[in-house]
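What follows is one structure encoded as structure tokens, with my remarks underneath.
The values are calculated or read from the model by the stated rules, or taken from the named source; none is laboratory data. This is a predicted model, so every value here is computed, not measured. Glycine gets a Cβ as well: all are built from the backbone with ideal geometry, and neighbour counts include every protein chain shown. These accessible areas exclude ligands, DNA and RNA; they are computed on the full protein's heavy atoms, side chains included. Shrake-Rupley method; radii C 1.70, N 1.55, O 1.52, S 1.80 Å.
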Amino acid sequence: DFPMETNIDEAGSCNAFWNGSSINFYEEGGGCHATGQIPDVVYHEYGHAINSFRYNSTFNGPGMWNGALNEGFADIWALSLTQSPILGIGFYLNDPGGFVRRYDQNIKVYPQDLVGQVHNDGEIIAGAFWDLYLNLNNMTQMLDLFKYTYDSGIDGSDGDEGILYTDILLEVLYADDNDADLSNGTPNDMAIIGAFDLHGITLLSNAVI
């Protein structure tokens with residue numbers, strides 16, 4: 001919780017970015033509104049700042065190395081504030097109902113929807129947490145579990161999402177556990193496992209049979 005430089009109306013269009021010290025938003029153009037005027041985009045970019053400063057990566061110093069995880073976690077922060085499955089409504093100038101991403105239709109599932117594009121692949125893990133929120137019916141409770149994944153610092157190369165997402169699921173179960181024994185379940189294990197399973201993330205995702 002500290003002041004952060006924010007630049008608006010940067011040259012360019014239809015995008016925004018976090019550069020390691022500031023969040024930056026493009027001016028209107030290219031068929032898109034000025035991105036600094038779209039709250040979900042602001043929340044998402046600030047989410048990247050949280051990822052950068054808070055996540056304990058063992059691969060690349062502070063921050064996240066895996067691009068899909070970085071994008072997915074940034075979306076989770078935005079979803080937590082809007083509490084809507086649709087992000088970026090009003091992004092396009094000539095399409096008031098247009099949006100950037102949504103998590104209530106055509107959900108992304110591992111491994112068939114893992115295509116090597118970070119925003120797309122990030123929807124798999126972000127969608128799992130969105131559905132966890134729906135299962136718990138409590139955003140604060142979901143975030144209490146989500147925030148513990150930052151302490152573990154699970155990270156890896158792009159392309160390792162299957163392993164990373166399974167490790168994230170295990171970390172959420174650890175966070176939910178109340179007796180240091182996963183073998184007897186956790187208070188919300190069915191809600192957690194069910195939400196992640198919708199996106200193809202299971203404790204057996206990478207088992208070789």
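Of the residues N70, N56, which single one is assigned to a helix (DSSP H, G or I) and touching a helix residue (DSSP H, G or I) at 6+ places or on another chain (Cβ under 8 Å)?
Every option except N70 fails the conditions.
Restricting attention to segment 127-150, report how many residues are among the aromatic types (F, W, Y), touching a Phe, Trp or Tyr at 6+ places or on another chain (Cβ under 7 Å) and surrounded by fewer than 23 Cβ atoms within 10 Å (Cβ to Cβ).
2
Quick check on segment 166-180. Is at least one of its residues assigned to a loop (DSSP other than H, G, I, E, B), at negative phi and in contact (Cβ under 8 Å) with a residue 24 or more places away in the chain?
No, segment 166-180 contains no residue that is assigned to a loop (DSSP other than H, G, I, E, B), at negative phi and in contact (Cβ under 8 Å) with a residue 24 or more places away in the chain.
Just to verify a result, which residue in segment 75-108, among those that are touching a His at 6+ places or on another chain (Cβ under 9 Å), open to solvent by less than 30 Å² (accessible area, probe 1.4 Å) and touching a residue at least 40 places away in the same chain (Cβ under 8 Å), is farthest from H48 (Cα to Cα)?
That would be G90.
Among the candidates N56, N66, which residue alone is modelled with pLDDT under 95 and under 29 Å from D151 (Cβ atoms)? I'd like the intermediate steps shown before the answer.
Details: N66 fails: modelled with pLDDT under 95.
Sole residue among the options that is modelled with pLDDT under 95 and under 29 Å from D151 (Cβ atoms): N56.
Residue by residue, here is whether (1) assigned to a helix (DSSP H, G or I); (2) free of Cβ contacts under 8 Å to residues at least 60 places away in the same chain; (3) surrounded by fewer than 15 Cβ atoms within 10 Å (Cβ to Cβ) holds:
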residue	(1), (2), (3)
G116	no, yes, yes
I125	yes, no, no
T186	no, yes, no
A191	yes, yes, no
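So, G67, is that one open to solvent by less than 40 Å² (accessible area, probe 1.4 Å), within 30 Å of G156 (Cβ to Cβ) and touching a residue at least 12 places away in the same chain (Cβ under 8 Å) or not?
Yes.
Can you tell me how many residues in segment 15-36 are open to solvent by 40 Å² or more (accessible area, probe 1.4 Å) and without any contact (Cβ under 8 Å) to a residue 24 or more places away in the chain?
Of the residues in that region, 6 qualify.
Out of all the residues in segment 41-48, is one or more closer than 24 Å to T149 by Cβ, within 13 Å of the chain's Cα centre (by Cα), of a type in the set (G, A, S) and open to solvent by less than 20 Å² (accessible area, probe 1.4 Å)?
yes
Take segment 20-51 and flag every residue that is under 20 Å from Y92 (Cβ atoms), part of a helix (DSSP H, G or I) and of a type outside the set (V, I, T).
Across segment 20-51, the qualifying residues are G36, Q37, P39, D40, Y43, H44, E45.
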